[in-house]
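Step one of this worksheet: look at the structure below.
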Amino acid sequence: MNEERERLFRKLSREEKNDEMIAVESQTFLQAAWKNFKKNKRALVSGIVLLVVIALAIFGPMMVRYSYETQDPSARNMSASAQHWFGTDKFGRDIFVRILYGARISLMVGLVAAVINLAFGTIYGGISGYAGGKVDMMMMRVVDIIYSVPSMLYVVLIMLLFGASVTSVMIGISISSWIEMARIVRQEVLSLKEQEFTMAAFVLGASGKRILLKHLILNAMGPIIVTVTFMVPQAIFTEAWLSFLGIGISAPLASWGTLAQDARALIEVYPMQTVYPMLAICITIFAFNFVGEGLGRALDPKSKR
């Protein structure tokens, strides 16, 4: 009897204690998201491409001896060469430098418009979803009214009032594009405010502002980040499209859409002058979309890895 008891209740060695232990690496939510994001090779490569584009936009014009607005009548419409990598336009300006400078304008429009939409859409949608009832109904009816008017009319109206400038384009794009963010945040808040942790925060005496900011919006950051990532290429494409139609950013500024619009008259004779800015637009938009897709999968805890 004593021998049986000693066998059952003897002290285990360290190796025996860890014999059935399943070691799991402790990691935060962001660390897990980054690990899952790296597994998506397409999104990872697209992220590297975006970093290269941003680096070229910031430092590229400083490293080239030509200016984006310097004209050389003796070197008009030149083909690609060692001196001018992408050739020159009808005024003798270096196209490569103008594309680098245009990246600053296009990326700035996309990023600033996305930040404006993020701030306004998150606040508006969060308040609407958390308040609920008549407040939610009235706020959503305002959204429906704004959404019922074509966004093109807002842009044209802003251009008429403030002129063709970078600021006008950003305001015109942001007037109605925040609605998508507001609807997504509202839906997430409506779902999260019924969860147990929200009820616990309310019972413990947390204020409505703290519950909304610290518990609801913070837990909805995954869909919010993904939506912002998709808003940037939408804003870039809208600006390029407006500039290509001639109602966007005007000279001497050189966005990618403006460069394509300037080269449109010579597309049959010098087609590459149009191809270069269009290619820059396509690469950037595809990269942002792939990164957004990768973030959507990495930040979604329900998705299969």
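Each value in this text was obtained by applying a stated rule to the coordinates, not by laboratory testing. Not measured: the values here are computed from a predicted model. Here the Cβ is made from the backbone with ideal geometry for all residues, glycine too, and neighbour counts use every protein chain on show.
What FRET efficiency comes out for the pair Q187/K134, r = Cβ-Cβ distance, R0 = 25 Å, nearest 0.05?
Result of the calculation: an efficiency of 0.85.
So I have (1) 16.4; (2) 25.9; (3) 18.0, and one of them is mean projected area of the Cα convex hull in nm² calculated from this model. Which one is it?
(2)
With θ set to phi - 60° and the Karplus curve 6.51 cos²θ - 1.76 cosθ + 1.60, what are the ³J(HN,Hα) couplings of the stretch 193-199 in order, to the nearest whole Hz, using x for Gly and Pro?
3J(HN,Hα) across the stretch 193-199, in whole Hz: 6, 8, 7, 5, 5, 5, 4.
What order do you get for E194, E239, E293 when you list them from fewest to most C-beta neighbours inside 10 Å?
Ranking E194, E239, E293 by Cβ neighbours within 10 Å, fewest first, gives E194, E293, E239.
Dipole magnitude of the chain about its Cα centre, charges +1 at Lys/Arg Cβ and -1 at Asp/Glu Cβ only, in debye to the nearest 20?
Its charge dipole is roughly 320 debye.
For the stretch 210-275 and the stretch 147-167, what is the separation of their Cα centres, given in Å?
Cα centres, the stretch 210-275 to the stretch 147-167: 15 Å.
For the chain, what does the helix formula give at 222 nm: sum of -39500 (n - 2.57) over DSSP H segments with n ≥ 4, over the residue count, nearest 500 deg cm²/dmol?
That comes out to -22500 deg cm²/dmol.
Which whole-number percent is the relative contact order of the chain (Cα, under 8 Å, 6+ apart)?
24
How much length would be gained if the chain were fully extended between A55 and D144, taking 0.36 nm per residue of separation minus their Cα-Cα distance, in nm to one decimal?
Result: 28.1 nm gained on full extension.
Could you tally up the Lys pairs in the chain with alpha carbons closer than 14 Å? Skip any pair fewer than 8 positions apart unless they're on separate chains.
So the count works out to 4.
Compute the angle between helix 41-63 and the longest alpha-carbon principal axis of the chain, please, reported from 0 to 90 degrees and rounded to the nearest 10.
Roughly 40 degrees between the two axes.
Between M199, M62, M159, find the one with the highest GNM mean-square fluctuation for the chain; connect C-alpha pairs within less than 10 Å.
M199
For D72, project a label point 7 Å along Cα to C-beta. Then give me every residue of the stretch 78-112 with its amide nitrogen under 16 Å of that point.
Zone members listed by number: 78-99.
Along the charge dipole of the stretch 170-229, which of A200, I179, G222 sits closest to the positive end, that is, farthest toward it, with unit charges on the beta carbon of Lys, Arg, Asp and Glu (+1, +1, -1, -1)?
Working it through, the farthest residue towards the positive pole turns out to be A200.
Placing +1 on the Cβ of each Lys and Arg and -1 on the Cβ of each Asp and Glu in the chain, which of A287, A103, F162 has its Cα farthest towards the positive end of the resulting dipole?
The listed residue farthest towards the positive side: A287.
If one computes the Cα centroid of the stretch 109-135 and of the stretch 56-107, what distance in Å separates the two points?
Centre-to-centre distance over Cα atoms comes out at 39 Å.
For V203 and L30, compute 0.36 nm times the residue count separating them, minus their Cα-Cα distance, and round to one decimal in nm.
The V203-L30 span can extend by a further 59.4 nm.
In whole Hz, what ³J(HN,Hα) sequence does the stretch 160-170 give by Karplus (6.51, -1.76, 1.60; θ = phi - 60°), x for Gly and Pro?
Taking θ as phi minus 60°, the curve returns 5, 7, 10, x, 7, 8, 5, 4, 4, 5, 5 Hz for the stretch 160-170.
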